[in-house]
Structure formats: C-alpha cells, structure tokens
Amino acid sequence: MIFDPVYLIFIIPGLIVGLLAQFFLWYAYGRFSRVSASSGVTGFDAAKIINEGEGFGVEFITTPGKLNDHYNPVSHVVNISSDNATNSSVASIAVVAHEFGHVQQKINASSLFSIRSALVPAVNLGSNLGYILIVIGIVLSFFELSVVGLALFSLTTIFSLVTLPIEIDASRRGLNLLFFLLKKYNLVAVDQMGGARAVLSAAAMTYVAALISSLGQLLYFFMRVQGSKN
C-alpha cells in the first residue's frame, strides 16, 4: 500500500513514549552502571549466588552485547549480557535480579507468565502473516481476508498487554530478591537500593511504550479494514 500520512497520527504517541522510555533507561542504567555495588561482585557472580543460594536450578550463559539479558523459560537458561556479566555495578546486579524475577515467576507457576509463553509461537506467526493478509484483503477488496489478518495482527497487541504486568512483576520480584538477599549475601547496600529501583523502573517504561505503539498500529489497521468494508 502507498504510505498513508494518517498512519503517523496513530504511531507518533508510541514513538514519543518510546524515545522518552529509552532516554530514561539509558540515563538510569548509565548512571548506576558507574556505581560499584558494595559487595564488589559482578553480575555473573551475583547470578551464581542467587541461583545456588535460592535453589533455582537454572543454567546461565553470557551473551555478547549490552542490555540484551533475558530468561528462556523453555530451556530454563538465564542469558546475561557480557556487559552486565563482567561489571560489578548496581545496575548490573539489578538487571540480573530482574531476570531471576522471571525465573521465580515460572517456578511459582504465574498464570500470566504461562499465557505469554504460550502466545510466543502464535505471535511470531501472526505479526507478519496478519499484516500481509490485511494488505492483500484491502488491495483486493476482500473484507473477510482483512478481518482474519487483523485478528492475527492483534495477537501482537495482546502479547504486549500481557507482557507489561509480567515485566513489572519481574522487577518487583527482583527488588524483593535484593531486599531479601541483602542480609544473606549483601549484594548491594541499603542506600544503593534506590539505584536498583530506578534502573528497573526505567526498563519497565519501555514495555509501556511497546504497548502504546502496538495499540496505535492495531487501531490504524482496524480503521483501514473498516474503511475497505464501507
């Protein structure tokens, strides 16, 4: 389809929030990645301490890059970015704690976490196929095909909607772990908890931006599909 200027009206809010979220994330992460944790342990060492001390039983590996840390619930592996793995900063330990918050979600059988995991294959298929079907349906004036495409594309928005509370909960769990482990392992000092909270709060904002962006795109395509029907 030819680019529609109206599309900008729907995506600009998400872009603005996304840029602000990225700015706050890089600011908070950049600031507290320069603050050494009181314990002096690296992110990788912190992962070992949390994993062994709390009996989570996960494997963890180091992956190249920065802020690409994630937990794979299928393989039960925590991936720690090389930057966080080798640094002994408050930011690095906060990010690692967040990932173990996800581990705790799986162990505790969080319903939202299970739903998101189940949605992953459908979202991977629906996000691309849905867009293609929407375009073909509009071009060929085949309304029913566009509706199918819209339904598939909406899975992306549903995924973002489910992901947001999961990420917020993982950050909450991560902070709780740091507070709980403070007395046991002293990973960070009490007066450094504010820095850890700032990093995790900024990270959560990126998921708010993703949801707004996804909603904007879905509303735009809904408008186009309805327009093709009329």
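Counting only alpha carbon atoms, the long axis of helix 111-139 and the longest principal axis of the chain meet at about 30°.
For the chain, the longest principal axis of the Cα atoms and the long axis of helix 143-185 meet at an angle of about 10 degrees.
Each of G149, A28, G57 was scored by the projection of its Cα onto the charge dipole of the chain, and the greatest displacement toward the positive side belongs to A28; charges sit on the C-beta of Lys, Arg, Asp and Glu. In terms of the mean number of neighbouring beta-carbon atoms within 10 Å, the peptides 49-57, 141-149, 4-12, 92-100 order highest first as 92-100, 141-149, 49-57, 4-12. Which of the three applies to region 17-123, rounded, prolate or oblate, going by the alpha-carbon gyration tensor with a ≥ b ≥ c and a/c under 1.5 meaning rounded? Oblate is the answer for region 17-123, as a/c is 1.5 or above yet b/c matches or exceeds a/b.
Considering only alpha-carbon pairs that sit under 8 angstrom and 6 or more positions apart, the relative contact order computed for region 6-229 is 29 percent.
Relative to one another, the C-alpha centroids of region 111-166 and region 14-47 are positioned 31 Å apart. What residue among S127, S33, S88 has the largest mean-square fluctuation in a Gaussian network model of the chain, using Cα springs under 10 Å? Of the options given, S127 has the highest mean-square fluctuation. Across the chain, Cα-Cα pairs farther apart than 28 Å form 39% of the total. Angle of helix 43-54 to the longest C-alpha principal axis of the chain, folded into 0 to 90 degrees and rounded to 10: 80°. Annotation: aspartates and glutamates with alpha-carbon distance below 14 angstrom to K184 (same-chain offsets under eight excluded): E52, E54.
Among the trypsin sites (Lys or Arg not before Pro) in region 1-107, those located in a DSSP loop and surrounded by at most 14 other Cβ atoms within 10 Å of their own Cβ are R34, K66.
Read-outs: derived from the displayed coordinates by stated rules, not from any lab. From a predicted model like this one, the values you see are computed outputs, not experimental measurements. Reconstructed Cβ throughout: ideal geometry from the backbone, glycine too, with neighbour counts over all protein chains shown.
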